Amino acid sequence: MTTLLTLISTLLWWVLYSSIGALFFALIAWTVLRWIERCPVVFNRTYLACLVWNLIGLLIVSAVAMHEGLTKPPYALLLNSTLLRGALVVDMVIGVLVLWRLIPRIDAHRIRPASACMAVAVIMAISFGAATSLAS
């Protein structure tokens, strides 16, 4: 019974943290996409795409942290890991694909892949800058 409750609690916290991060990322992506596309994009679909991307990304980073054995602070060693850097590249590719496939513009056309790349690049630059400043 304890294992079941622990699993349910872990899943709830995973979804909660992912949705909080997705809101922050969606605000950034929505702003970047409006600027690049020169056309409004749908915010709720931007949030959905960022939520899906965050859920997958959190699983990838958690798996790398468990594999490296660095699940407790300080996380500076994890940020220097080659495996984490490779996982972040895979995460960015997943982010571009998810944003490109799920976010429409107001005129019902899909955003351009280059716009999705730029949105992911801005999000990763801001989040990696925040992570490195918090880790040191």
Computed about the Cα centre, the charge dipole of region 33-112 from +1 Lys/Arg and -1 Asp/Glu charges at the Cβ has a magnitude in debye, to the nearest 20, of 300
In whole angstrom, how long is each semi-axis of the equivalent ellipsoid of region 20-136, when you take the square root of 5 times every eigenvalue of its Cα gyration tensor and sort them from largest down?
-> 28, 13, 11
Mean separation of Cα contacts under 8 Å, 6 or more apart, over the residue count of region 74-136: relative contact order % | 40
Among LEU12, LEU97, THR2, the residue whose Cα sits farthest towards the positive end of the charge dipole of the chain, when +1 is placed on the Cβ of each Lys and Arg and -1 on the Cβ of each Asp and Glu, is LEU97
Nitroxide proxy distance, nm - points 7 Å out along Cα→Cβ at ASP107 and THR71 | 5.0
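Would you mind calculating the gained length between LEU97 and ILE20 on full extension (0.36 nm times residue separation, minus the Cα-Cα distance), in nm to one decimal?
So the extension gain works out to 25.6 nm.
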Net dipole in debye of the chain [+1 Lys, Arg Cβ; -1 Asp, Glu Cβ; about Cα centre; nearest 20] = 320
With an 8 Å cut-off on Cα pairs and a minimum separation of 6 or more residues, tell me the relative contact order of the chain in percent.
-> 30
Provide the solvent-accessible area of THR132, counting protein heavy atoms only and rolling a 1.4 Å probe, rounded to the nearest 10 Å².
-> 50
Can you give the accessible area of LEU70, probe radius 1.4 Å, in Å² rounded to 10?
-> 40
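The values are calculated or read from the model by the stated rules, or taken from the named source; none is laboratory data. Note that the structure is a prediction, hence the values are computed from the model and not measured. Please note: Cβ atoms are built from the backbone with ideal geometry, for glycine as well, and neighbour counts cover all protein chains shown. SASA here: full protein model, heavy atoms, side chains in, ligands and nucleic acids out. Shrake-Rupley method; radii C 1.70, N 1.55, O 1.52, S 1.80 Å.
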